[in-house]
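What follows is a set of notes on a single structure, which appears directly below.
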Amino acid sequence: MDLTQALTPGLTQGLIQGLDILSVAIFALTGALVASRSQLDIVGFLFVACLTAVGGGTLRDLLLNRDQVFWVADPAILLAAVVAAVLVFFTAHLLESRYRAILWLDAFALAVAVPAGVGVALGMGQHWAIVLVMGVSTGCFGGLMRDVVCNEVPLVLKQGEIYATAAFAGAGAAVVAGLAGLEGGQALLICGAVTFLLRAGAIAFGWGLPIYRNRPPRPESPKR
Amino acid sequence: MDLTQALTPGLTQGLIQGLDILSVAIFALTGALVASRSQLDIVGFLFVACLTAVGGGTLRDLLLNRDQVFWVADPAILLAAVVAAVLVFFTAHLLESRYRAILWLDAFALAVAVPAGVGVALGMGQHWAIVLVMGVSTGCFGGLMRDVVCNEVPLVLKQGEIYATAAFAGAGAAVVAGLAGLEGGQALLICGAVTFLLRAGAIAFGWGLPIYRNRPPRPESPKR
Amino acid sequence: MDLTQALTPGLTQGLIQGLDILSVAIFALTGALVASRSQLDIVGFLFVACLTAVGGGTLRDLLLNRDQVFWVADPAILLAAVVAAVLVFFTAHLLESRYRAILWLDAFALAVAVPAGVGVALGMGQHWAIVLVMGVSTGCFGGLMRDVVCNEVPLVLKQGEIYATAAFAGAGAAVVAGLAGLEGGQALLICGAVTFLLRAGAIAFGWGLPIYRNRPPRPESPKR
């Protein structure tokens, strides 16, 4: 594939691993903060933090049938999640608004996890459509699992919220960058930047796409 | 296994692939309709449509440890889900009752996805019990994920609703047909027909199995 | 790894398989009891019972990329879940408190499933951190799926409830036992005992870890 040939040189294993560790650490912070809102104990913090931290990347690795799930191959990655959970357990009360902290940390985590998903798919020479899906899945599913398990409204499905859209645009930017001849590292940088800017804009300025609104089906028919 | 030897000849890869694509397209329509009830934006439509469309088949492929998940092997399949989501985004307001449309489309999708699950398991020479489980899982899990993520009551678990039962009966019919000497294509046709008829009867005429009802444990004890 | 070398001799395949079957049967009972609280029909009982019964072990096998998921390799295991579901369908009304029955059966299932997860990971020579995670996942995810799907508050995330903690402590005890030179069978026995005692203490005596409680961020700032 041209896409992969163009991008592969800059996709060192160290870069991908670094993105994975960073996204694990930041997603774990958001997981632990959600756990604090649910008033769990320390093991509950660890549980939710780990689920959030490795959820997206694990799904990616299962879907792509990689030889080993990334944290099984390198268990030290879990340490990042554990440290984050313990840190939050003892410091969350210092935050003025845990909800805002969750929003912003989640935005950072998304902007790191999407390139991590894109990078792995590119490195395996996958079709560009699969690269897109892996970027979105790796970015969105950790947070989705966190919110479903803790019974919060999933950020990814909040009305008029740019979330999956940011992941989608970021992954798309990486694909375009690759086709335009940039090398892998640059493409992932652009991917993360696009994802973060869109998501940050949504949080800070309320950016959103038009949502679907029901219009009455026909003038004369009664509304259901 | 006799079962597989009898059924394999009619199980061409084209047949299985066709069933997969068709179930992806129809399930995607139901996912997008549920997204319209939740008033999501276009990317939200794509997200829920894809999750619903490929959820069941993806689970099947992971559980059976196939070399590749079906849509990773053939990304063009995702196009069907994308087209369906876009179509619904611009036309859902024309429907008089989106809920009825979801119910009926979901019934069609179920009647295609169950044979798709059964066919793959048979093609791999799995035990008949695994064939049953794969039929039910492939049929039910896409819709289940859709409903859990969008916070609707899962159709599969609605009280007195024939849903998993229809999938179960359809998969069972395929196994019986195989043991009776029919070839693969015919068995899958019977499988789809049985699934659809039972599910359609449940929607149209309110068919149902007796549900579990609590009886007071002992006359003298107070109710919990 | 020293840990595995020490533990492997006692980890016969029969022992692991026995633990898997036993945990499937007991978890299926809890799943069917939850189904009875949701007043499902018999196929709904089977569905929830099977999901609960094999959920944790299936996740373990996918994460560890085993050649085959345990119940696909040995479909007879599913029979245990089916029998349990049917049994509960016809006898649940005899119970005075189904909720207490669920709690206690779930505790037994946990105390069998955690060693099953630990045993498989040890048998594959995994890192001790992975052994811990597999113990906790195998123990907790079947019940978690049951509760998410049936819309109950997940036991694993109930406030101040020792649940994941018991699984974690049990898996940790197995690791320590291995490092202390015990052989595999003994380590798994200790693992199950620690898990059960902690969980039973939580149910019977209300044991719990201190939960996270929000303290006002700063004296002068208004509460969010």
**Request:** Would you pull out the residues with amide H under 5 Å of C:Asp41's amide H, same chain only if 5 or more places away, H placed 1.01 Å from N?
**Result:** B:Gly160, B:Tyr212
**Asked** For the range A:170-183, in order, what is each residue's ³J(HN,Hα) by Karplus, 6.51 cos²θ - 1.76 cosθ + 1.60 with θ = phi - 60°, in whole Hz (x at glycine and Pro)?
**Response** x, 5, x, 4, 5, 5, 4, 4, x, 5, 7, x, 6, 8
**Asked** Classify chain B: rounded, prolate or oblate, from the alpha-carbon gyration tensor (a ≥ b ≥ c, eigenvalue square roots; a/c under 1.5 rounded; otherwise prolate if a/b is larger than b/c)?
**Response** oblate
**Complete:** Residue-ordered couplings for the range A:147-152, obtained by feeding phi - 60° into the Karplus form 6.51 cos²θ - 1.76 cosθ + 1.60 and rounding to whole Hz (Gly and Pro as x), are 6, 5, 5, 8, 6, 9
**Prompt:** C:Ala204 versus A:Glu96, label points 7 Å from Cα toward the beta carbon: distance in nm?
**Reply:** 5.0 nm
**Message:** Just to confirm the numbers: A:Ala193, label point 7 angstrom along the Cα-Cβ line, distances to the other copies in nm, shortest first?
**Reply:** 6.1, 6.1
**Fill in**
Quick calc, B:Gln39 & A:Gln13: beta-carbon distance into FRET formula, R0 35 Å, rounding 0.05, result 0.25
**Request:** Quick one: among C:Val118, C:Val148, C:Val34, which has the greatest mean-square fluctuation in a GNM of chain C with alpha-carbon springs under 10 angstrom?
**Result:** C:Val148
**Item:** Loop trypsin sites (Lys or Arg not before Pro), the range C:121-213 (other Cβ atoms within 10 Å of the site Cβ: 10 or fewer; DSSP)
**Value:** C:Arg213
**Request:** Over chain C, calculate the relative contact order: mean separation of alpha carbon pairs under 8 Å at least 6 apart, over the residue count, as a percent.
**Result:** 27 percent
**Prompt:** What residues of the range A:160-192 lie in the reach of a label at A:Arg66, counting those whose backbone N is under 18 Å from a point 7 Å from the Cα along Cα→Cβ?
**Reply:** A:171, A:184-185, A:188-189, A:192
**Prompt:** Given the options A:Ser36, A:Ser137, A:Ser23, which has the most mean-square fluctuation in a GNM of chain A, springs set between C-alpha atoms less than 10 angstrom apart?
**Reply:** A:Ser36
**Prompt:** Counting Lys +1, Arg +1, Asp -1, Glu -1, what net charge surrounds C:Val43 among other residues with beta carbon under 14 Å of its beta carbon?
**Reply:** 0
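We did not get these values from a lab; they are worked out from the coordinates using the rules stated. On a predicted model such as this, the values are computed, not experimentally measured, just so you know. All Cβ positions, even for glycine, are placed from backbone atoms using ideal geometry, and neighbour counts span all protein chains on display.
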